[in-house]
Each structure stands twice: as C-alpha cells, then as structure tokens.
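The structure appears right after this line, and notes come after that.
The values are calculated or read from the model by the stated rules, or taken from the named source; none is laboratory data. This one's a predicted model, so the numbers in the text were calculated from it and none came from an experiment. Please note: Cβ atoms are built from the backbone with ideal geometry, for glycine as well, and neighbour counts cover all protein chains shown.
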Amino acid sequence: MTDALITAAWCAGAYLLGAVPFGLLIGFAHGKDIRLEGSRNIGATNCGRVCGAASGVLAFLLDMGKGFLPAWAAARWLPALLGYPADPGLWERGEWLALVAVALAPILGHVLPVYLRFRGGKAVATSLGVLLGLPLLRWMALAAFGVWVLVVLVTRYVAVGSSVAALALVAGYLGFNWARAWGACLPVTVFVVALVAMVLARHRANYVRLWRGEENRIGGRKAPHPPPPPPDGPLTA
C-alpha cells in the first residue's frame, strides 16, 4: 500500500469517528432532539443547555475524545508506517502534511457529518482534542483551554470564550514557533490558522445574538430564539 493510500485510509477513519454526533445522541437518550431546542446546535454546550450539565460535560468529553484519539494515534504510529524519521524535528513539509491531514479529518467530520447530511456543529471540543493529541501543539492547546475557562467564568458566554481561546492559540503558536512556522512546519501553520478561522466563522450566529443581546449566558435566563427549522438528517428522535 502506498503512502498516499495509507494516509487516505487514516483520514477516512478519523472523519467517520469525528462525524459521530454525540451531543445529538445524548439528547435522543433523554427523549429530546437538541436540533429543536436552545441554540439548536448539536454540540456539547447546547446538549448541556437542553439535557442538563452532566450531559453537556459528557458530550464535551466524547467530542474531545473523538478528536484526540485519531490525532494521538497518527502522531504515535503513522510516521513509522510511512517510514518517516522518529524525531519530528527532522521532518520536512511532506511529513507534517500527512499528520495534519489526519488531524483535520475528525474536525471536518464534526462540522460536516455524513450522518446528518453535512450539517454539524462548531467543533470547538473536537478541535481541542485534536490539538491535545499533537505533541507540537499540546501545551499551547492547554494554555488556550485555560484562556477559555477564564473568559467563560468572567463573561459567562461560551462563544466569547471559544473565540478568545482560538485567537490565543494562533498567537501562541506563532509566537513560540515563528522560526519554524514558515519552513518545515508550514502545513501545521496553515492548519492552525485555518482551524481558528473556521471556529470564528462557525460562531457567526453567536456574534449576531451577542450584538442583539439574545445570546444565552451560562446560569442566566434563556434568551428567546426564533422558531426552529425542521431537523435535517436521517437520524430522528
């Protein structure tokens, strides 16, 4: 099997795992379709809003795990399968590109899940899991998560915390890896910048609600939302 086929097989498996809508499935277990309530997002935040805090935490951990597992496994075993040097410091752009492709797959799976006709969530938890699975980005991901916790505690807005944490991640990555960011690690740089841009873009509706004063705060009174559209996808409650 060629290197391209091996990488493609890993990407396909990572995508299918990332596409599993854990928040929606947890909602179904509670007899609810979270696409019809709250913000109608299939992610952990809306799952917790509709089904309770414990369900939200469970959805967050599962969404994070489906990103962490393929990224960690790829970083651990894919280089040996492809015949890359054991030391990532010796990798060229091609080596990094294969790892980044597998890391991106579960994020795309969450955002564009094949099981739900490609209508998914914002991928914040899944992205965090992917970043924690990659040695080059692990510590910056932990720092960004700390920023997320701090901002959410201060503002009580999950969307604000996610956006600020995403910007902190790209700033930290470029600040600590500037010398390598535009050389051998260019695929990682493109991945980080694209990931942050995607997270920000997926929160467009949240920014509109924040501007209108309609965004839900943690522990606050639920702001009204317009009537929900019918759920889209083959899964039903």
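Tabulated results
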| quantity | calculated |
| --- | --- |
| Scan of the range 1-50 for residues that are closer than 17 Å to residue 64 by Cβ, surrounded by fewer than 22 Cβ atoms within 10 Å (Cβ to Cβ) and at pLDDT below 95, ordered by number | 41 |
| Selected residue [of a type in the set (Gly, Ala, Ser) and under 17 Å from the mean Cα position of the chain (by Cα)] from 53, 4, 44, 29 | 44 |
| Residues located in the range 174-213, provided they are assigned to a loop (DSSP other than H, G, I, E, B), within 28 Å of residue 45 (Cα to Cα) and in contact with a helix residue (DSSP H, G or I) (Cβ under 8 Å, 6 or more places away or on another chain) | 203 |
| Residue 161 modelled with pLDDT of 90 or more and buried (at least 21 other Cβ atoms within 10 Å of the Cβ) | yes |
| Residue identified as surrounded by fewer than 17 Cβ atoms within 10 Å (Cβ to Cβ), modelled with pLDDT of 95 or more and part of a helix (DSSP H, G or I) among 57, 102 | 57 |
| Any hit, the range 119-128, residues being assigned to a helix (DSSP H, G or I), among the small types (Gly, Ala, Ser), within 12 Å of the chain's Cα centre (by Cα) and under 17 Å from residue 199 (Cβ atoms) | yes |
| Neighbours by Cβ (under 6 Å, 6+ apart or cross-chain): first from the range 154-166, in a helix (DSSP H, G or I); second of a type in the set (S, T, N, Q) | 158/45; 159/206 |
